[in-house]
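To start, the structure itself, in structure tokens.
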Amino acid sequence: RDKNLHPRRLVAKHPFLEAEVVFAVQHEYALTAVDVLARRTRLAYVDSKAAVDVLPHVIDLMGKLLGWSRAKKAQETKDALAFLDTMRCPDQD
């Protein structure tokens, strides 16, 4: 069996898949990393630390699909980190 055909998880401990990022961009018109992480997969609400950890990968996937420049990727990273910072519990460092 071809390993490339097996769906890959974004984060090992959560059921969200890379394919969900692709689907969100191609079929649901998701245009930002926050849209994917918070509204499409809900990972930002389930585990904000995991969302921060996977953010570079999500931005790479989206960047390839949407033709983002380095500057756009940097802006998406900044915007998403600002949003994800609001998702942390006050006692998290």
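Points worth noting:
- The mean sequence distance of close C-alpha pairs (under 8 Å, at least 6 residues apart), as a share of the length of the chain, puts its relative contact order at 25 percent.
- For a straight C-alpha distance cut-off of 22 angstrom, the lysines reachable from Lys49 (same-chain residues fewer than eight places away being disregarded) are Lys13, Lys73, Lys78.
- Solvent-accessible area, 1.4 Å probe, carbon plus sulfur percent, for segment 11-93: 56
- Gain on full extension, evaluated as 0.36 nm per residue between Arg9 and Lys78 minus their Cα-Cα distance, stands at 22.5 nm.
- Qualifying chymotrypsin sites (Phe, Trp or Tyr not before Pro) in segment 2-93, DSSP loop, other Cβ atoms within 10 Å at most 11: Tyr29
- Within a Gaussian network of the chain (alpha carbon springs, distance under 10 Å), most fluctuating of Leu55, Leu43, Leu66: Leu66
- Taking all protein chains together and a 1.4 Å probe, the residues Thr86, Thr32, Thr41 rank Thr86, Thr32, Thr41 from largest to smallest accessible area.
- Sum of -39500 (n - 2.57) over DSSP H runs of 4+, divided by residues of the chain (222 nm, nearest 500): -16500 deg cm²/dmol
- Qualifying trypsin sites (Lys or Arg not before Pro) for segment 3-93 [loop in DSSP, other Cβ within 10 Å: at most 16]: Arg8, Lys13, Arg42, Arg88
- Solvent exposure of segment 35-93 amounts to 61 Å² per residue of accessible area, where only protein heavy atoms count and the probe is 1.4 Å.
- Only helices reaching 20 angstrom along their own axis (Cα) with mean Kyte-Doolittle hydropathy no lower than -1.0 count here, and for the DSSP H runs of the chain these are 48-66, 70-85.
The values are calculated or read from the model by the stated rules, or taken from the named source; none is laboratory data. Not measured: the values here are computed from a predicted model. Every residue, glycine as well, gets a Cβ built from its backbone with ideal geometry; the counts of neighbours run over all protein chains shown. Surface areas here come from the heavy atoms of the whole protein model, side chains and all, with no ligands, DNA or RNA. Shrake-Rupley method; radii C 1.70, N 1.55, O 1.52, S 1.80 Å.
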